[in-house]
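Participant: Here it is, the structure in full.
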Amino acid sequence: MPSPEEICCSVLERITPGREERERVLTLAEEIMAKLRTLLAQEGLEAEVRLEGSLAKDTWLSGEADVDIFVRFRPEVPKKFFKERFLPLARRAAEGLKQVERYAEHPYLECLADGVRVNIVPCYAVRPGEWLSATDRTPYHTDFVRSRLDERLKGEIRLLKKFMKGIGAYGAEIRVGGFSGYLCELLVLYYGGFLEALKGALRWRKGVVIDLSGYYEGREDEARELFRHHLIVVDPVDPGRNTAASVTLEKMCLFMAAAREFLARPSEAFFFPPELPIKSDPELEQLIESRGTSLLAIRTRIAGLPPDVLWGQVHRTLRALRGTLKNEGFRVLRMGAWSDEAEECVLILELESSRLPPVVKHVGPPVWVEEHVRRFLAKQMANPGLVCGPYVEGDRWVALVRRRWPDARELLQAKLSEDGGRQIGVAPLLAQRVEEHFDILEGTEILSLCRELKSFREWLADFLIGRPRWLAPGS
């Protein structure tokens with residue numbers, strides 16, 4: 001078995017950009033930045049154009065370059081200026097490239113050039129702590145990291161980023177709930193290297209505080225009280241911000257589990273996950289039928305919802321559906337969601353069984369709790385679904401009652417048909433789409449989506465298998 005160090009050396013050779021790739025990407029960035037500076041000068045606008053992100057810090061991965069160009073304006077510039085005057089200028093600077101207008105706290109332009117994503121983002125030139133928008137911190141992030149980097153640490157950061165990507169824990173967006181690139185950089189700077197960061201993560205527990213600036217040194221409880229999060233990585237340029245706020249408990253623990261496995265059984269699979277062998281309909285059909293559970297899929301359209309809005313709505317809706325099913329006696333084992341983030345979304349729920357016995361036993365209060373007994377008896381005597389009782393069993397009143405919803409598919413069909421599911425907690429923007437159109441598929445019916453929706457087949461196989469691709473037999 002190769003050592004962790006040997007694996008790291010091999011992986012680093014594959015993920016470090018070569019000279020030709022560097023020149024191509026940096027030339028693209030410089031061309032757009034030069035056009036921006038010219039256009040701003042022609043318009044008489046005072047602004048600083050800067051290259052930010054992993055490209056500026058030289059911590060990017062080969063084949064995965066993002067060009068982040070930030071334009072810093074004076075604080076007195078109103079935010080409406082960004083849409084009314086800045087975006088048209090950004091479009092002109094990126095003329096000839098595929099362009100999409102994006103919205104975070106304020107609008108920015110996303111472009112695509114030969115597989116390289118280019119973001120042109122406005123922000124304010126303010127002093128630390130006087131932030132007017134979330135993007136104002138980015139130039140300070142770049143300067144902080146660059147001031148502490150050497151060539152070795154750049155490679156160590158690349159390894160951690162690729163590791164996070166390989167295990168599915170990379171990305172601060174709501175869909176992932178994982179580790180941002182900046183957070184990976186801070187972890188490597190704090191621990192001093194990639195393997196050191198993995199070893200450090202093994203000691204994490206809920207409420208761990210990592211503070212490069214030492215702002216909360218000796219006052220870690222104050223940081224825990226302020227942030228109230230399971231992983232706290234204090235932003236060195238803003239001690240009032242937790243850089244790890246996007247990291248869910250699940251992704252924190254996934255990283256910890258993967259770190260332990262890699263150190264014990266190092267493999268390139270943690271960085272380059274093997275492809276799933278299951279792809280054909282018969283193989284997926286066998287997976288579904290052999291597990292003995294019930295799979296329900298809800299398909300709906302999601303056009304017009306930006307990705308972060310969409311995934312926030314999806315997570316909220318899945319929780320609502322699980323609660324609705326649980327209230328009716330169904331046990332939800334797992335949940336998941338797939339989306340192309342443009343037109344289609346599929347919510348998946350795996351139940352122990354989608355069908356329950358038609359009669360359920362309702363256990364009431366002890367016979368001596370007079371007030372509760374009166375309420376229970378009155379409710380059950382008036383229940384049109386009463387099958388047997390009420391009668392005394394042991395020290396309690398009980399009744400056998402016919403279930404209103406013994407079939408989970410019929411339950412969801414009815415609830416979603418009423419108002420898009422708003423009454424059961426379906427998130428409002430998703431409920432609007434559900435109200436217009438939705439389909440519920442069960443069991444092997446779901447396989448029809450594999451033929452209609454690009455990339456759904458691989459996602460479904462991953463969901464059905466469940467096991468991380470890096471988890472070796474015998475672990």
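Participant: Which residues, taken from the stretch 260-287, are part of a helix (DSSP H, G or I) and under 20 Å from the mean Cα position of the chain (by Cα)?
Facilitator: Within the stretch 260-287, 270 is the sole residue that qualifies.
Participant: How about the stretch 379-390: which of its residues are without any contact (Cβ under 8 Å) to a residue 12 or more places away in the chain and open to solvent by less than 70 Å² (accessible area, probe 1.4 Å)?
Facilitator: Passing the criteria: only 389.
Participant: Going through the stretch 337-357 one residue at a time, which ones are within 12 Å of residue 411 (Cβ to Cβ), outside any strand (DSSP E or B) and open to solvent by 10 Å² or more (accessible area, probe 1.4 Å)?
Facilitator: 356
Participant: Considering only the stretch 171-184, I want to know if a residue exists there that is open to solvent by 10 Å² or more (accessible area, probe 1.4 Å), part of a helix (DSSP H, G or I) and in contact (Cβ under 8 Å) with a residue 12 or more places away in the chain.
Facilitator: The answer is yes, given that some residue of the stretch 171-184 is open to solvent by 10 Å² or more (accessible area, probe 1.4 Å), part of a helix (DSSP H, G or I) and in contact (Cβ under 8 Å) with a residue 12 or more places away in the chain.
Participant: Suppose we keep only residues that are touching a helix residue (DSSP H, G or I) at 6+ places or on another chain (Cβ under 8 Å) and more than 14 Å from residue 207 (Cα to Cα) within the stretch 222-245. Which one would you say is least open to solvent (accessible area, probe 1.4 Å)?
Facilitator: Once the filter is applied, the top-ranked residue is 235.
Participant: Which one of these does residue 395 not meet: (1) over 45 Å from the mean Cα position of the chain (by Cα); (2) open to solvent by less than 60 Å² (accessible area, probe 1.4 Å)?
Facilitator: The one condition residue 395 does not meet is (2).
Participant: Enumerate the pairs (first residue in the stretch 39-56 and open to solvent by less than 70 Å² (accessible area, probe 1.4 Å); second residue anywhere and of a type in the set (A, V, I, L, M) and assigned to a loop (DSSP other than H, G, I, E, B)) with beta-carbon separation below 9 Å, excluding pairs fewer than 6 apart on the same chain, so at least 6 apart or on different chains.
Facilitator: Every condition considered, the pairs that remain are 39/45; 45/77; 47/77; 47/125; 54/61; 54/65; 55/65.
Participant: If you don't mind, another one. When the residues of the stretch 112-168 are filtered to those that are in contact (Cβ under 8 Å) with a residue 40 or more places away in the chain, within 30 Å of residue 276 (Cβ to Cβ) and of a type in the set (A, V, I, L, M, F, W, C), which remaining residue is surrounded by the fewest Cβ atoms within 10 Å (Cβ to Cβ)?
Facilitator: Checking each candidate, the answer is 116.
Participant: Can I ask one more? Which of the following residues is open to solvent by 60 Å² or more (accessible area, probe 1.4 Å), more than 22 Å from residue 443 (Cβ to Cβ) and either of a type outside the set (Gly, Ala, Ser) or not in a helix (DSSP H, G or I) (or both): 363, 401, 426?
Facilitator: Going through 363, 401, 426 in turn, just one is open to solvent by 60 Å² or more (accessible area, probe 1.4 Å), more than 22 Å from residue 443 (Cβ to Cβ) and either of a type outside the set (Gly, Ala, Ser) or not in a helix (DSSP H, G or I) (or both): 363.
Participant: So if I check each of 127, 137, 85, 102, which one is assigned to a strand (DSSP E or B) and out of contact with any helix residue (DSSP H, G or I) (no Cβ under 6 Å at 6 or more places or on another chain)?
Facilitator: 102
Participant: Do you know which residues across the stretch 445-475 are over 19 Å from residue 272 (Cβ atoms) and touching a helix residue (DSSP H, G or I) at 6+ places or on another chain (Cβ under 6 Å)?
Facilitator: Passing the criteria: 447, 449, 450, 456, 457, 464.
Participant: Could you tell me which residue of the stretch 18-53 is nearest to the chain's Cα centre (by Cα), considering only residues that are of a type in the set (Gly, Ala, Ser) and farther than 11 Å from residue 93 by Cβ?
Facilitator: 53
Participant: While we're on this one: Answer yes if at least one residue in the stretch 335-342 is among the acidic types (Asp, Glu) and within 29 Å of residue 407 (Cβ to Cβ), and no otherwise.
Facilitator: No; the residues of the stretch 335-342 include none that is among the acidic types (Asp, Glu) and within 29 Å of residue 407 (Cβ to Cβ).
Participant: Looking at the stretch 288-310 only, could you name the residues that are closer than 27 Å to residue 352 by Cβ, open to solvent by 40 Å² or more (accessible area, probe 1.4 Å), in contact (Cβ under 8 Å) with a residue 12 or more places away in the chain and in a helix (DSSP H, G or I)?
Facilitator: 289, the sole residue that qualifies.
Participant: Here is a follow-up. Among residues belonging to the stretch 312-336 that are touching a residue at least 24 places away in the same chain (Cβ under 8 Å) and hydrophobic (A, V, I, L, M, F, W, C), point out the one that is most open to solvent (accessible area, probe 1.4 Å).
Facilitator: Going through the qualifying residues, I end up with 333.
Participant: Would you mind telling me which numbered condition in (1) within 24 Å of residue 166 (Cα to Cα); (2) surrounded by 18 or more Cβ atoms within 10 Å (Cβ to Cβ); (3) not charged (D, E, K, R) residue 32 fails?
Facilitator: So residue 32 meets the others, but not (1).
The values are calculated or read from the model by the stated rules, or taken from the named source; none is laboratory data. As the structure is a computational prediction, the values presented were derived from the model and not from experiment. Neighbour counts are summed over all protein chains in view; Cβ atoms, including those assigned to glycine, are modelled from backbone coordinates with ideal geometry. SASA here: full protein model, heavy atoms, side chains in, ligands and nucleic acids out. Shrake-Rupley method; radii C 1.70, N 1.55, O 1.52, S 1.80 Å.
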